Every structure is written in C-alpha cells, then in structure tokens.
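First comes the structure, then the notes that go with it.
The values are calculated or read from the model by the stated rules, or taken from the named source; none is laboratory data. What you see is a predicted model, and the numbers here were worked out from it, not measured in a lab. Note that each Cβ is placed from the backbone with ideal geometry, even for glycine, and that neighbours are counted across all protein chains shown. The area values use the complete protein model at the heavy-atom level, side chains included, leaving out ligands, DNA and RNA. Shrake-Rupley method; radii C 1.70, N 1.55, O 1.52, S 1.80 Å.
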Amino acid sequence: MAIMALRRFEPLIIAVAGLAALVLASATRASLWVHLVVLVVTLGLASVMGRRRRAPTAQAQELYASDAYSDASLGRRAPTHPAIDTRPQGQYGPGLPIDPLRLPEERPRA
C-alpha cells in the first residue's frame, strides 16, 4: 500500500529533490552547466515517472448484430429508433403585419 502512495507522488518527490539539488548547487556556487544538468534531469525524470498506464478498456460482453436475422437468432428484439415527426414544420395563417417604419423598396428603372 505504501508503494502505491509513493508511486502516486513520484513526480512531486522528484521535483522537490530537483529543487533541493538546484539550491545546493547555488549554495556551493557551482557552474552554470551543473544547474542546467540538474534542471534537465529533474524535468526528464518527473515526466517519465509521471506517466500513467492506460486503464484497461471494458469490452462489450455480447456483440451487436445490425440485421434482423442475427437479432432473431440471438433472441433479441430489433433496436427501436425514436419516431420522427414528418409533418411540415411551418407557420400557417396570416403573415406578420406590415412594418410602418420600413421604407418602400425602390424598383430599378429600365
């Protein structure tokens, strides 16, 4: 159980250790390349150890048949689809009233 908790916080532990190494390198007045190496190694380890494994995908227990014969042989009813309203979708009746603020359209002169 402790290993699982440790594995969960590995990137954080690596980041704290890398920060401590950077502080130590600064305190000892190490050269610039030591700082860069510590930074690159810390980021690399944190990114590699921070990757998680993919969760196993749940596979369907039974196959789905797309035709009626297979559905009947497997003892299933055919899938039902939602009903579609095929009536025209428009407004019937009188149109909108004439807009008194709209200017009359000009007709092009021939």
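Brief remarks follow.
- Entry comment: accessible area of segment 1-50 is 79 Å² per residue, from protein heavy atoms only and a probe of 1.4 Å.
- Solvent exposure of Leu6, expressed as accessible area, is near 90 Å², computed with a probe of 1.4 Å over the protein chains only.
- Highest-first packing order for the peptide set 12-22, 29-39, 95-105 is 12-22, 29-39, 95-105, based on the mean count of other beta carbon atoms within 10 Å.
- The ellipsoid that matches the Cα gyration tensor of segment 1-50 has semi-axes, each √(5λ) in whole angstrom, of 25, 11, 5, with the longest given first.
- Take Thr28: with every protein chain present and a 1.4 Å probe, its accessible area is about 90 Å².
- Each residue, Leu96 and Ala5, gets one label point 7 Å from its Cα in the Cβ direction; the gap between the two is 6.8 nm.
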